[in-house]
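One structure is given below, encoded as structure tokens.
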Amino acid sequence: MSLPNVNITLGNGNIGTVTLSDDGISGLILSGKAVNDTLALDKVYVLAGTADLKKYGITKENNPLLYKDIMAFYTAAGDGAELHLLVVDEAKKLTDICSMGDGSPLKKLIDSAAGRIRLVGINVNPGTDYNATVEKCIDQDVVEAVKAAQNVASNYLDKIAPFVVLLPALAWNGSTDSLYQPREGSENCVSVVLASDGKVGEGRYYSAAIGQVLGRLATCPVNISLARVRDGSIAAEGWLTDGKKPEEDYSLWNALHDAGYIFYRTFIGKNGYYLNYDATAVATTDDYNRLSLTRVIQKALVICYKTYIDEIMDSIAVDPETGQLPTPICKYYEQLLIRNVNVNMEGEISGFNAYVDPKQDLISTNVLKIQAKIVPTALLKEINVDLSFNNPYNKSE
């Protein structure tokens, strides 16, 4: 017989707090070749570090693009980062990879992880026999792939499996005259990378630094731009996809930036290359004109879904005289979401609020409407300093 006592058991799991950890889960779709029995085409593999290159028999000689982009990803993200890899035939074009059709590599990649992948990088390495259809100074395949990738991303957004896509600015001819302008599009889940980490293998064109940029993005909180200077240079050596050093195309930087590309730039007094911005393929007036804005709203969307999915098909008592929602019920649904967003997005937003209007006819409609607003963090894009001489003697006169 035990001593008389008061026994208290601590409960857990009743608050309803949602926890997320998928922000940096990445996927790479690259063109390459199968390797004996270790690496097959059109099959998704999950990597955890550069040691997996040896595991799957990937070398600089047999798969130069895979080796380059996987190494670059882990150099930026660090070993241990979760990376889903899908290798496609080298004959596949970007539009084939991003297709909405059956067997689409992009859809296969997302489906393989049950919608957990949030960041996708896609790259190809056309051989010497590939002739790019250069229109608007860039391979037309890129232009069509941007639209195709957005279609897939929008489709999965409806399924609460959001992600963003990085595509290469393949075969840019070095001109900005009549250049394709991603900023004139409506693809807010897609970015076009003009930064290059060199030619690989027998590739005809300078390869976009997709793995490297993806790795940097995987380390960034959702509200942080991959171009943040505080994070340090992203590369010691680099080019643009026209094959020139960034400095050689210095006169084009403003035009390329305004067009909406991601490319290498330098800062006076700092070594190495930095990225210029995190533009998406939409106008600057669009709410989601940066990857850091798109990622914030995508994360909030998932939190909203996870917060309220357990409430579906529940029974709610309404005011017996007015039929409206009682104030305590409204506050319950508001605070449920506010708590989960604030817990999971601490430091990633400036503020959040949710409002449930009690004047809703829930009996007839069976639909509860909730208004939710995010105050994003601001981007310190420019600092203006007024600097001049001062002579204290003049003040004494």
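Taking the conditions (1) under 25 Å from the mean Cα position of the chain (by Cα); (2) surrounded by fewer than 13 Cβ atoms within 10 Å (Cβ to Cβ) in turn, ASN289 satisfies each one other than (2). Filtering segment 290-320 to residues that are more than 30 Å from VAL192 (Cβ to Cβ) and touching a Lys or Arg at 6+ places or on another chain (Cβ under 9 Å) leaves only THR307.
Among the residues of segment 148-172, those identified as more than 16 Å from the chain's Cα centre (by Cα) and surrounded by 15 or more Cβ atoms within 10 Å (Cβ to Cβ) are ALA148, ALA169, LEU170, ALA171, TRP172.
Counting only residues that are of a type in the set (Gly, Ala, Ser) and either in the same structural domain as ALA279 (by TED's automatic domain parsing) or more than 23 Å from ASP287 (Cβ to Cβ) (or both), segment 331-377 holds 1 of them. Can you confirm whether LYS108 is of a type in the set (Lys, Arg), surrounded by fewer than 22 Cβ atoms within 10 Å (Cβ to Cβ) and within 25 Å of LEU252 (Cα to Cα)? Criteria not met by LYS108. Scanning segment 359-397 for residues that are surrounded by 14 or more Cβ atoms within 10 Å (Cβ to Cβ) and not in a strand (DSSP E or B) gives GLN360, LEU362, LEU368, ILE370, THR377, LEU379. Going by the structure shown, is ILE303 part of a helix (DSSP H, G or I), touching a residue at least 12 places away in the same chain (Cβ under 8 Å) and among the hydrophobic types (A, V, I, L, M, F, W, C)? Spelling it out, ILE303 is indeed part of a helix (DSSP H, G or I), touching a residue at least 12 places away in the same chain (Cβ under 8 Å) and among the hydrophobic types (A, V, I, L, M, F, W, C). Applying the condition of being β-branched (Val, Ile, Thr) and in a helix (DSSP H, G or I) to segment 306-321 and asking which residue is nearest to the chain's Cα centre (by Cα) yields THR307. Restricting ASP52, ASP79, ASP37 to residues that are in a helix (DSSP H, G or I), surrounded by fewer than 19 Cβ atoms within 10 Å (Cβ to Cβ) and assigned by TED's automatic domain parsing to the domain that holds GLY211 narrows the list to ASP52. Only a single item in (1) under 29 Å from ASN254 (Cβ atoms); (2) under 23 Å from the mean Cα position of the chain (by Cα) is not met by SER175, and it is number (2). ASN271 passes every criterion in (1) more than 27 Å from SER350 (Cβ to Cβ); (2) without any contact (Cβ under 8 Å) to a residue 40 or more places away in the chain; (3) part of a helix (DSSP H, G or I); (4) not charged (D, E, K, R) apart from (3).
The values are calculated or read from the model by the stated rules, or taken from the named source; none is laboratory data. As the structure is a computational prediction, the values presented were derived from the model and not from experiment. As a convention, Cβ positions derive from the backbone with ideal geometry for all residues, glycine included, and neighbour counts pool all protein chains shown.
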